[in-house]
1. Using Cβ counts within 10 Å as a stand-in for footprinting exposure, how do T34, T73, T40 rank, fewest first?
2. Treating the Cα atoms of segment 77-183 as identical point scatterers in vacuum, please give the log10 of the normalised Debye intensity I(q)/I(0) at q = 0.16 Å⁻¹, two decimals.
3. Counting other beta carbons within 10 Å of each Cβ, put Y158, Y84 in order, fewest first.
4. What number, in nm² with one decimal, is the all-direction average of the projected area of the convex hull of the alpha-carbon atoms of segment 48-91?
5. Treat segment 124-255 as a sphere of radius equal to its Kirkwood radius over Cα pairs and apply Stokes-Einstein at 20 °C in a medium of 1.002 mPa s; give the translational diffusion coefficient in µm²/s, rounded to a whole number.
6. Under 5 Å between amide H atoms, partner at least 5 residues away or on a different chain: which partners does D242 have, H built in plane at 1.01 Å?
7. Read phi for every residue in segment 189-200 and hand back ³J(HN,Hα) as whole Hz from Karplus 6.51 cos²θ - 1.76 cosθ + 1.60, θ = phi - 60°, with x for Gly and Pro.
8. Given the options G152, G238, G59, which has the most mean-square fluctuation in a GNM of the chain, springs set between C-alpha atoms less than 10 angstrom apart?
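Bear in mind that the values in this text are calculations on the coordinates, not laboratory data. Every value quoted in this text rests on a predicted model; they were computed, and no experiment measured them. Methodologically, a virtual Cβ is constructed for each residue, glycine included, from the backbone with ideal geometry; neighbour enumeration extends over all protein chains shown.
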Amino acid sequence: MFGMRGKKTNGNGRNSQENQPIIDLRGVSKHYQTSAGDFTALDGIDLTVEHGEFVAVIGKSGCGKSTLLNMITGIDHPSDGEVYVNDTAVHELNEGEIAKWRGTNIGIVFQFFQLLPTLTVIENVMLPMDFCKVIPAREREQRAMELLELVGIEEEAYKLPTALSGGQQQRVAIARSLANDPPLIVTDEPTGNLDSRTAERIFTLFKKLVAEGKTIIMVTHDNDLSDRVDRAVILADGQVIDYGYDRREREEAADYSELVATPA
Ligand SMILES: Nc1ncnc2c1ncn2[C@@H]1O[C@H](COP(=O)(O)OP(=O)(O)O)[C@@H](O)[C@H]1O
Ligand SMILES: [Mg+2]
């Protein structure tokens, strides 16, 4: 099996995965060898994300956002540090293990959808199920159709992706990311290629998924969206310069104050 971290005991004396962060990065660094020498893309990142959080990652172009997501998905390996996702030590998985693990644990949504052009929409959604074989074969087509209904695109199921608009293709990509019911969705600029109205529909869909219990970490350039998630983590030059907790605490304090009766 995949490398697991020693379970910590929570305050109730029980071991519970739900009480562990779903993402736990410890001292994660990433160095690239370039012709100009050693380049540090990530510099000692410590970051946790709890189950059910919707977290945005923001920062200037080149600050390391995509590299950070690649550490979480295991698309790339850290030079230093540890990456735990759902208690799996991702940095210890080898190439053979990682694709299978990723297929059932993480749904990935890219900026440019990355649907296979020769497969129909529903075949694209079934592909991760066929690869991971967790969903029984006889249930896959019906499940794919239900996911297409969830994202409101079931009428396009038997078309090729090229027949769809960008926003529709992104909804298919979201349905595909949910194929094996992963607890975590990782998405890099999912609305970066969409007009603002379409972007809003995609964001609303992510909100719905979080309300249903998914965890989402989303790189975005869109300040409007990053203001409307649970918290926004700010990266600069490969370091976290703001975890986004302060803003949330301020907002929660504001909400709380309204509930407390003011003494006469
Ligand atoms: N494979 C690579 N080789 C060398 N440098 C890279 C590589 N991938 C990314 N970088 C550099 O690392 C930095 C962070 O990249 P990236 O994570 O893509 O930034 P962001 O997504 O925030 O725009 C950039 O300066 C980029 O040029
Ligand atoms: Mg990027």
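1. The order, fewest Cβ neighbours first, is T34, T40, T73.
2. Log-scaled intensity ratios, in q order: -0.71.
3. Placing the least packed residue first, the sequence is Y158, Y84.
4. Orientation-averaged projected area of the Cα hull: 3.5 nm².
5. So the translational diffusion coefficient is about 131 µm²/s.
6. Counting only residues 5 or more places away or on other chains, the set is I234.
7. 6, x, 10, x, 10, 10, 5, 5, 5, 5, 4, 4
8. Looking only at G152, G238, G59, the biggest GNM fluctuation is shown by G152.
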